[in-house]
Amino acid sequence: MKSFINRIMAGGIGIYGSHNNKERRNKKRLRYAVVLLVVISLSSCFLHYYKVDRLNKADAATMQNLIAGSKYFILHANDKNLALTQVKINNDMLEGEVNPLPPEHEKYLNPKNAYANRFKVKDKDIVLYEVHLYTTNPAISTSHISIPMQDVSRVDIYELNQKATRKSRILSIVGLSAITFGTIVIIAAAIALDDWGNNDTYVAPSNNGNSNNSDWAYCSPQVYAMHGPERKLTGILYSGAIFAPLQRTDYMPLADVHPENNQFNLQIHGGQNEEQIIHETKLLQVTHGSDNNVLLDHHGKVLVYKDPAKPVKVFTEENEDAKSQVLFADESYYSFTNQSAGRNTSDIILDFKKPANITSAKLLVKAKNSAWGLYLFRKFKSLYGDSYPALVQQKDKADRNKLLQCELDQSLPLLVSVKAGNTWKFVDFFYTPGNQVLRDMIMEIDLSDFKDKDHVQVRLETTYMFWDLDYAGMDFSKTLSYETAFISPDKIVKCADNQSQGTDAIGAVQLSDKEHLNLGFSVKPVIAGNKVNSYFLVGTGYYLDNTRFEGKPQLAKLAAFSQKGAFDKFSRQTFDELTSLIKNNAANSVAAKN
């Protein structure tokens, strides 16, 4: 038996099987009909909440970012609430035009607290863009104001409280659907809503030092931006590097994090039962034109882009139109629910109009792993039962290239190919970014063979329901200039979750699930007016899952994971099983009522 288990462990995951496309489509329609009926019937019960990010003073950099974000400014002065338009910062002076406040912006002037304030979903485009400026300056008596920034005593930035809103959705499903469908519908509906395992704010540890989050619902290691006592989840480092040979360097964008007093304060956490091994952390500063954007590919290459083109056509191998789901970064996802032709994968095809004589382009995607994908991977690991620690030990000594090839064979990363004639040519892949935060990713694609073509087709491919794709575009701009500088942390402190003090960390850092790492980076603002800085947290490391699963290895199921495409088949079968349970519970409930 041990030799059989070892063969399974050495082989990794995989099975190559065939499916009847028409049958799959019918099953897919049926299961989504069941789930969507539940979701639609409960949608009116969901509550929406906003939170208040409060700053005790205004600085020019923060104000410039808010202005660039097309925020709606409300000025609170002399017991009056006024609309402030044409806002600009000029030599530390706040300037703008003062107008009466429209009635629609009078609804949310007095939030009850900083964390969970209800709003009507129809008002989302109003309340979620509001910024409230408070001043006691008596000179607010004309239609145009120009007051010192130091006279702005408070800034309240309204943002969606995703945690409270998602919690409301799940509780609504739990409370209203369990009576009819049983507890399994809670899981299925939560997956459909993509709420399972998502959390955008730090949850304080319990008294024993353990996080009170679920032990499996979060990808690691989690990076939080620190703003005083508040923490905001901003990204995941090298997600999926779960064995020592899979250690890699990741380049996590800090696009939504802004330095306070020229200082970045970050915090790194792992998940429950996890051990983090962090070999290096540093900040990468990229200085570029203010009208350009920048990302790094997974090889560490800096790629500057300017104006990505939208695909003119988006479809699947089954000719399903998916254009509306990926044109804009609006959290309306394509979740890879089709069946690729002749392959154990799901895919989406992007058709871009290509300018003449262009021989290189940059593919951009905004995506994350799905909550279903994380649940599925957890379920897969549980098949090893009490032999899972032996698997970890074996994989820690395995060949890196073989482990990575195993992941590619199972289509766990997002695979990218271009169409050349009637065949697809593999280009590269995107590493798994974790399931909590959408991530902007970029890939350079050689189009030398397409120089005389006016279109290029790109295929994105992965395991069934393993990724959520929010946006895709392609930038055809030529090479744009930039400068880079690496910044070492001036503070790196290892702390226990239930203690306020820690110790300076030197060299490689090892974190238990009851510890976190505080990082501080000092930066300098750009002097040139037409230049801006973009920042990336560069981290090198991996992590280990020390979860103890119960029971003996499920040898019959593990034996199926010996060929390519097993994970895709596993995902479809698992979802089919959940759907069957929903149908059976629903039928039993109806029979009982009759």
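The values are calculated or read from the model by the stated rules, or taken from the named source; none is laboratory data. Predicted model only: the values in this text are computed from it and were never measured. No Cβ is skipped: glycine too gets one built from the backbone with ideal geometry, and neighbour counts run over all protein chains shown. Note: accessible area is taken over every heavy atom of the protein model, side chains too, but ligands, DNA and RNA are not part of it. Shrake-Rupley method; radii C 1.70, N 1.55, O 1.52, S 1.80 Å.
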Query raised in the report: Taking the alpha-carbon centroid of each part, what is the distance from the range 536-565 to the range 430-456 in angstrom?
Result: 28
Report summary line: Carbon and sulfur atoms account, in whole percent of the 1.4 Å probe accessible area of the range 313-449, for 46
Report task. Consider all pairwise Cα distances in the range 209-342 and report the whole-number % of them above 25 Å. Result -> 48
Requested in this report: May I ask which residue of Ser382, Asn435, Ser417 lies farthest towards the positive end of the charge dipole of the range 364-484, with charges of +1 (Lys, Arg) and -1 (Asp, Glu) on Cβ and the Cα centre as origin?
Outcome: Ser382
**Report entry** Cβ crowding within 10 Å averaged over residues, with 339-347, 327-335 ranked highest first
**Finding:** 339-347, 327-335
Report task. When a/c is below 1.5 the answer is rounded, else prolate if a/b is larger than b/c, else oblate, so apply that to the range 358-406 with a ≥ b ≥ c taken from the square roots of the Cα gyration tensor eigenvalues. Result -> oblate
Query raised in the report: Using the alpha-carbon centroid of each, what span in Å lies between the range 257-288 and the range 112-141?
Result: 30
Report task. Based on the mean of other Cβ atoms within 10 Å per residue, sort peptides 284-296, 523-535 so the most packed one is first. Result -> 284-296, 523-535
Query raised in the report: Could you give the accessible area per residue of the range 396-515, probe 1.4 Å, as a whole number in Å²?
Result: 49
Query raised in the report: Based on the Kirkwood radius over alpha-carbon pairs, what value in µm²/s does the Stokes-Einstein equation return for the translational diffusion coefficient of the range 505-553 at 37 °C and 0.692 mPa s?
Result: 207
Query raised in the report: D for the range 432-530, whole µm²/s, Stokes-Einstein with Kirkwood Rh over alpha-carbon pairs at 10 °C and 1.306 mPa s: what number?
Result: 82
Query raised in the report: Given the protein chains as shown and a 1.4 Å probe, how many square angstrom of Met443 are accessible, to the nearest 10?
Result: 10
Query raised in the report: How far is the Cα center of the range 292-311 from the Cα center of the range 391-411, in Å?
Result: 29
Report task. Please report, in debye to the nearest 20, how large the charge dipole of the range 282-427 is about its Cα centre when each Lys and Arg carries +1 at its beta carbon and each Asp and Glu carries -1 there. Result -> 400
